[in-house]
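Below is one structure, written out as structure tokens; comments come after it.
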Amino acid sequence: MTKALTTILLALILNTSLMRAQAGPERGGHELELWTGGGGGVNGRTSGTGVWNVGARYGWILTDPHGPGPLRGRFEYAMDVVPIFWVFQPTGTAYGFGFNPVALKWNFQAHQRVAPYFEASAGTLITNHQVPLGTSSVNFMTGGAIGLQFLRSKYNWGAEVRYMHISNAGLATPNPGINTIQIRFSVGLFTQRK
């Protein structure tokens, strides 16, 4: 399934005959993106935990530019599929799959072909082992990110810092959760229908 999803997403990104690529987001357009990131735990019992994940994003640019001065930007709603999600715990590695049906992103107006953004996201993570050990293999992910998109004529590059909280939301006891700081890199494009 992972191979099929990756093939479909790459075909969409590379098939520019169906879509016109843009330097940045425009209302009615879409964002297609492949990303990877990783980082480590930052709190107490789970501070020795690390994560690495790979995913794909599909987003909808919902608004024209709004806001005053440096806050001016466009609102985007997106979803992420995370076919590779590894959690490196002191007790062993857990492999999982994630889905973030909610990613709310504010794309600030681009300056010198660099567009900052911030976002909040939420989703679910299912792993083959309990994360953390002694809790649950079904967890929820919430997070926030700040980043930059380096806009090019066809494909954009991005880099961000992401805070992610992974927790079973009380499905099991105990519920210590894992808080991570991650660095994520992406390649993608913004499109608009012809």
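The values are calculated or read from the model by the stated rules, or taken from the named source; none is laboratory data. These numbers were taken from a predicted model, which means no experiment stands behind them. Cβ placement follows ideal geometry from the backbone for every residue including glycine, while neighbour counts extend to all protein chains displayed.
If you take the residues in region 41-50 that are surrounded by 16 or more Cβ atoms within 10 Å (Cβ to Cβ) and not in a helix (DSSP H, G or I), which one is farthest from the chain's Cα centre (by Cα)?
Applying the first criterion (surrounded by 16 or more Cβ atoms within 10 Å (Cβ to Cβ)) to region 41-50 yields 41, 46, 49-50.
Still in the running and not in a helix (DSSP H, G or I): 41, 49-50.
On the way: GLY41: 18, THR49: 19, GLY50: 17 Å.
The residue in question is THR49.
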Residues (touching a Phe, Trp or Tyr at 6+ places or on another chain (Cβ under 9 Å), buried (at least 16 other Cβ atoms within 10 Å of the Cβ) and not in a loop (DSSP other than H, G, I, E, B)) located in region 151-166
ASN156, GLY158, GLU160, HIS165, ILE166
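Within region 42-88, how many residues turn out to be under 30 Å from VAL138 (Cβ atoms), of a type outside the set (S, T, N, Q) and in contact with a strand residue (DSSP E or B) (Cβ under 8 Å, 6 or more places away or on another chain)?
Result for region 42-88: 25.
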Out of (1) within 19 Å of ASN168 (Cα to Cα); (2) of a type in the set (Val, Ile, Thr); (3) buried (at least 16 other Cβ atoms within 10 Å of the Cβ), the one THR93 does not meet is (3)
What single numbered condition from (1) at pLDDT 95 or above; (2) of a type in the set (Val, Ile, Thr); (3) touching a Gly at 6+ places or on another chain (Cβ under 7 Å); (4) within 20 Å of GLY44 (Cβ to Cβ) fails to hold for THR142?
(3)
Any residue in region 144-168 that's within 13 Å of TRP35 (Cβ to Cβ): show its pairings with residues that are among the basic types (Lys, Arg) and modelled with pLDDT of 95 or more at Cβ separation under 6 Å, as long as the two are six or more apart or on different chains.
ALA145/ARG162; GLU160/ARG184; ARG162/ARG184
Output yes when any residue across region 181-188 is among the aromatic types (Phe, Trp, Tyr), at pLDDT 95 or above and within 15 Å of LYS105 (Cα to Cα), and no when none is.
no
Close pairs from region 72-88: first in contact (Cβ under 8 Å) with a residue 12 or more places away in the chain and charged (D, E, K, R), partner outside any strand (DSSP E or B) and buried (at least 21 other Cβ atoms within 10 Å of the Cβ), Cβ under 9 Å, at least 6 apart:
ARG74/PRO25; GLU76/PRO25
